[in-house]
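Everything on this sheet refers to the single structure shown next.
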Amino acid sequence: MLAETFYVTDVDIQWERPQDPTHGDIATPVALQCSKKTGQSPRVIAEKLVDALSAEDSIEKAEVAGPGYVNIWLTPEALIESLGNVRTACTQTIKQEKEAPIIFDYSSPNIAKPFGIHHILSTVIGQSLVNVNRHLGYNTIAINHLGDWGTQFGKLAVALERWGDKQLDECSLDDLLALYVRFHEEAEKDNSLEDAGREAFKKLEQGDQELQRFWQGVVDITMNEMQSLYDRLHVSFDYTQGESFYEDKMQVVIDEGKEKGVFKEGEGGALIVEFPEESNLPPSIVVKADGATIYLTRDLATILYRISTIHPQAISYVVDVAQSLHFKQLFTTVEMLGWELPRLEHVVFGRMSFADKSMSTRKGNILKLQEVLDEANKRAKAVIKEHGDKIQTDDVDGLAEMMGQGAVVYGVLSQNRKMDMVFDWDKALSFDGNSAPYLQYTHARAKSIMEKAEGVSEIDNIDSLSAKERLLLNTLLQFDGVLHETQQSNMPHILAHYLYELCRDYNSFYNDNPILKAEEPARSFRVHLTNLTADVLKTGANLLTISVPDRM
C-alpha cells in the first residue's frame, strides 16, 4: 500500500503501543519516515494513509495524531484472534539443539564462606535470564563458576591445624568462616602466618594428598549448605565448575601468550599484559613474580576451554559492577591473543542496600542470604496474620515461604540491574504495589474465578469492547514481545514491570466488569481473559524464579 501510494519500497514500518490507551491499539510514525524520502508533508502522507487503512476489514478506526503519527484501533475480532499468540507465548519453545549454545556464568560464590545477601543478585539475575532464554528455545547452558582455589585454602588449613577444636567433617560453614577470620586477626600480630598460608597452598597446588582431602572436604561442606539456598531460590545449573577445574589448563594459555608476545616480562619476572593505548586500560598481571596465577589467568583458561569444547555463540558473565575493569581487561586480552571468539558480555549489576538500616552488614560480619530469606518468611507470616480471613490458605508456612522468597527475588529483579538497588521490606511485602505478593494475589484471584467458572468456553461474536477489556487485551498481547525484549537486552526488570502492569490492568478490569454474572457472550470472553491472565502471570513469575499460589 505504501509503495503504491508514495512509491516508497524501503521503509521499515515501526509499530508502537500508545502510552495513552485512548490513542488507539497501535500507532506508527511511518508518515514521518516517508516524508524524508518523498519530500511531502508528513501530515499529508498520514491523512492518505488513514484513508487507505480505513478500508481494511481488521481496522475499526484510524486517525492522524500530531505532525505525522497514525493511531489505529483494531476491530474486536482482530484483537481476539491475536490472543492465540499469547497462549503460544506461555508454552516453552522447543530447544534449538542445532544452534550454538549461549552460556550464562552466574552465582559463582567463594568456597568456605557463607552465601552473603549480595550473592542473590548474580544468582537470580542469572537464573531468570537462563529461564527466559530456554523458554524461547535458545540452546542455553547454566554454569556456576566457583571460587574454589587460591591462597585462602592454605590459610584455612593453617587455621584449622592451629585453632580448630573439631575435625573438618564436624565443621559447619560458620565454623570455617570463624577460623578464616581468626587467621587474619592473628596474622596482624604474626607476619609469619601469611608465609605459612602461602606455603600450605603451594603444597596443595603440588598435589599434597592430605591437603587435597582437606580441600575437597571444605568444598563438600560449602556446597551442601549452598544447595539448600539454591533450592529455596529455584536455581539450578548444568555445570558447577570451580577455578580448580582449570588448574591444569592454564599453562597452555601462558605459553601461547608468551609465544605471541601478548604476555611480557614485567617487574621481578612477573608476566603482564600491556593493552593498546586507545583502550585506556592499565597493565594487568597474568602470572605473579613467584609463579602464582590469578583470576585473569584462570578466566583466560576458562574461555579457551569453553570455546574449544562447547563452541558457544555467546558467553554472558553475570557479575557485579566492581569487576568491570577485570572483564574489560579479560575481553581485550583474548582479542589480542587472536582467538576465534563468541560474543562476550559482562552482564553488569549494581549494589544492593536495605532501607531498613538494621539489616545493614555489620563490620566484620556477613549479612547472610539465609538470614534475609528467613526474615522474609517471618515478615510474610506477620502480613498473612494481619490480613486475617482476607487471605485464604490451608498452608500458612508454605504461603509465607512463597511470599517471602518472592518478595526478596522480585525486589531485586523489578529494578534496573545496572543501577544500585534499595530493598524496602514494606514495598516488597505490599499487596497494593509493584511487588511479588501483589502478583501472587492477582494470580490467586484469577484462579479463584476460574474455579467458579468451571471451564473456558469458546468466544462468540464480540461486537464491542469496554475500555478496560480493550486495555487488558492489549496488555496480554504484549507478552511475547516482552519476553523477546528481555532476552535480547538481558534485563529481567522489563518482564517484571510488564507483570506488574498486567496485574494492574487485570484488577482494573475486574473492578469495572462483572465476569461470572455477565450475560453471554461477554461472560465467556471475560472468563477467557481471566484464564489467559492467570497463565501469563504464572509463566512470567516462574521465569523470574517466583512461585504463585492458586489460593490466597
Query raised in the report: Does V412 satisfy being over 29 Å from L529 (Cβ atoms), aliphatic (A, V, I, L, M), crowded, with 19+ Cβ neighbours inside 10 Å and in contact with a helix residue (DSSP H, G or I) (Cβ under 7 Å, 6 or more places away or on another chain)?
Result: yes
Query raised in the report: Out of the residues in the stretch 28-37 that are surrounded by 16 or more Cβ atoms within 10 Å (Cβ to Cβ) and part of a helix (DSSP H, G or I), which is farthest from the chain's Cα centre (by Cα)?
Result: S35
Query raised in the report: Does the stretch 182-200 contain any residue that is surrounded by 13 or more Cβ atoms within 10 Å (Cβ to Cβ), modelled with pLDDT under 95 and closer than 24 Å to I143 by Cβ?
Result: no
Query - Given (1) without any contact (Cβ under 8 Å) to a residue 12 or more places away in the chain; (2) surrounded by 14 or more Cβ atoms within 10 Å (Cβ to Cβ), index of the condition N280 fails - result: (2)
Query - Subset of the stretch 483-540 that is assigned to a helix (DSSP H, G or I) and β-branched (V, I, T) - its residue that is surrounded by the most Cβ atoms within 10 Å (Cβ to Cβ) - result: T533
Report task. Only residues that are modelled with pLDDT under 95, buried (at least 22 other Cβ atoms within 10 Å of the Cβ), of a type outside the set (V, I, T) and more than 18 Å from Q323 (Cα to Cα): list them for the stretch 108-133, please. Result -> A112, P114, F115
Requested in this report: Please find, among S464, S435, S448, the residue that is under 16 Å from T545 (Cα atoms) and touching a residue at least 24 places away in the same chain (Cβ under 8 Å).
Outcome: S435
Query raised in the report: So F479 clears everything in (1) crowded, with 23+ Cβ neighbours inside 10 Å; (2) under 19 Å from D20 (Cβ atoms) except one condition, right? Which one?
Result: (2)
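The values are calculated or read from the model by the stated rules, or taken from the named source; none is laboratory data. As the structure is a computational prediction, the values presented were derived from the model and not from experiment. When we count neighbours, we look across all protein chains shown, and the Cβ atoms used for this are built from the backbone with ideal geometry, even at glycine.
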